[in-house]
Every structure is written in structure tokens, then in C-alpha cells.
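Here the structure comes first, spelled out in C-alpha cells, and everything after it is commentary.
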Amino acid sequence: MPFGSELALTPGLSPAERFYVKLFGAPILGLRVRARTILPFLEQIPDPLRIADAGCGRGMITLACARRFPAAEVFGVDLDEDQNRVNSEIAKKVGFKKVQFVTMDAMKLPELGRFNLIISMDMLEHLDDDLGAVKMFCEALGPDGHLLVHVPHLTRNIFGWQRKNWMDIDGHVRPGYTKDELTRLLTRGGLHVKTCIYNYNTMETLANDISKLITGARERNKGLYALVFPLLLFFSFLGSFYQSQKSGSGLVALAVKED
């Protein structure tokens, strides 16, 4: 089943749209690139009983966690009440009884209790006080709990050409982080960084740039995007076979709260 095909259950989609999503999965290229790197890290987490997806958006990572860890309570946390309502309806239709979508500020995550795993995907670059957010995550983690983070790198990298990462995405307060900056940030927040790697290699970045050129990162030109998306997905998939240890337009880090 393609990643994110649960979006076909979104209320209001036409039959053609449902078929398209069932066939290709979530038609959100950036999400697909990030998920391809993030989800394998779940294999390193020893059966968490409580999981939080902070800033869950469409909830696809939330549902992927519920599928990987069926015994766990999984919380998708986001400020978008309407989206959470849709996410909850999809989770119910899929049959995930231990998934909850909670409308609240993710910075108040400790109010929901302690977690064994917290996922923060493209959240820190939106926050003025990113160190405060990491400290908050540390507070919300139980002993030996893990934080899995994705952020944009400071630069976008295509065939050796580097430029500053995007600042025109809604809510971005910084273009991204270097690998050393992200590692220091997580360490200062009280966590031990187990690994930090690059993602969004040259081919994935180029595909993502074309996607943004079409949509403006605001779901514009849906007809054209629907035609081009399968090609971009295939192109980025080919690129996923090679992830550089020296450069990339994104970063993924796995950190642990040591007892």
C-alpha cells in the first residue's frame, strides 16, 4: 500500500481523486521524501507505549506510527482543529482505535503526560525559541525516551550548487540548520544525539524544487501537479538509493533522554 493512501478517505474527494490517492499514495512530494528517511528510524525504537507526533499536519506520520506499533497510544498534536477532525475520521475508518488527534499547541505537549517517542517533523525552523522547544520535548519524554527530528538544512544542495534554503514558506523564522547546529541544539536541550544524517539528496531536492515551482507550496495548479507528481515521485525514489554523508537539503536526528 503506497504511503499516505489513507488520504483517499478524506471527506469531499471525488471518485477520481480517491482513485489517484489509492494508486500513488499521498500526493505531497516533500512528505514522501521525509517519510522515506524518517520511518526506517522507527526500527531503532524499542516498542514505545506512548507516541506523540508534534505538529502532525495531515497525520500521515501519526498513522504510520500506529501501524508500526499497534499496541501504542499515538497522539497527533496540531493547532488545526478542522484538519484534526478529518484526521480522526480517517483513523476511525482505518480502524486505529488507539490514535487520538488533539487540538493544542505542541509547545504544551507535557500536559499530555510522558512519551517514549516524540516525532518533530519540520517544526523547529518555525519557532523563535527552538531551544525552549527541545527542552520541552525533553520534559515530555520518559526515561530513555527518544526524539526523532527532521529539519531543513541551512542550504539546498543540487549537483554541488548550494543556496540558502527557502524562507518563503509560511511561518519559517530561519532557513534551516547545519548538522553541527542541530546536534548542539539537541544536546543543549538535554538530549544525547545518537545519530544525525543528511537527507534530500540532489535528485530528491531537484524533484522537490520542481514541485514547489508548480504548487508554490500552497497547493496551486492541482491539475498540472497531478500529472507531474508520479514522475517526480519516481525521480526522487531513484535518488533515495544514494544518501550522501557529506551534504543534503535536510537533516534527520535521533536523540535520547538518558536516565
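The values are calculated or read from the model by the stated rules, or taken from the named source; none is laboratory data. Just so it is clear, the structure is predicted and the values come from calculations on it, not from any experiment. Reconstructed Cβ throughout: ideal geometry from the backbone, glycine too, with neighbour counts over all protein chains shown.
Each residue in the range 73-90 was checked for being crowded, with 17+ Cβ neighbours inside 10 Å, part of a helix (DSSP H, G or I) and free of Cβ contacts under 8 Å to residues at least 40 places away in the same chain, and 4 of them qualify. With the structure loaded, tell me whether GLN44 is of a type in the set (S, T, N, Q), out of contact with any strand residue (DSSP E or B) (no Cβ under 6 Å at 6 or more places or on another chain) and within 17 Å of SER120 (Cβ to Cβ) or whether it fails that test. Judged against the criteria, GLN44 is a match. Annotation note: Cβ proximity below 8 Å between a residue of the range 156-167 that is basic (Lys, Arg) and a residue that is at pLDDT below 85 and not in a strand (DSSP E or B) (sequence gap 6+ or interchain) occurs for ARG156/TRP166. For GLY248, are the conditions met, namely being closer than 28 Å to LEU147 by Cβ, in a loop (DSSP other than H, G, I, E, B) and modelled with pLDDT of 95 or more? No. Of all the numbered requirements in (1) part of a strand (DSSP E or B); (2) among the β-branched types (Val, Ile, Thr); (3) touching a helix residue (DSSP H, G or I) at 6+ places or on another chain (Cβ under 6 Å), ILE214 misses one, and that requirement is (1). In the set THR62, THR103, only one residue is buried (at least 21 other Cβ atoms within 10 Å of the Cβ), at pLDDT 95 or above and in contact with a helix residue (DSSP H, G or I) (Cβ under 9 Å, 6 or more places away or on another chain); that residue is THR62.
Inspection of the range 38-59 identifies at least one residue that is surrounded by 14 or more Cβ atoms within 10 Å (Cβ to Cβ), among the β-branched types (Val, Ile, Thr) and in a loop (DSSP other than H, G, I, E, B).
Looking at the range 93-111, is at least one residue under 19 Å from GLU258 (Cβ atoms) and of a type in the set (S, T, N, Q)? No: zero hits. For the range 194-221, the candidate set comprises residues that are of a type in the set (Lys, Arg) and loosely packed, with under 12 Cβ neighbours inside 10 Å; within that set, the residue that is farthest from LEU39 (Cα to Cα) is ARG220. No other residue among GLY145, GLY132, GLY160 is over 30 Å from ALA8 (Cα atoms), surrounded by fewer than 14 Cβ atoms within 10 Å (Cβ to Cβ) and modelled with pLDDT of 95 or more apart from GLY132.
If you go through the range 157-201 and pick out every residue that is out of contact with any helix residue (DSSP H, G or I) (no Cβ under 7 Å at 6 or more places or on another chain) and either assigned to a loop (DSSP other than H, G, I, E, B) or aliphatic (A, V, I, L, M) (or both), you end up with 11.
Within the range 227-247, restricting attention to residues that are in contact (Cβ under 8 Å) with a residue 12 or more places away in the chain and exposed (fewer than 15 other Cβ atoms within 10 Å of the Cβ), which residue is nearest to ALA26 (Cα to Cα)? It comes out as PRO230.
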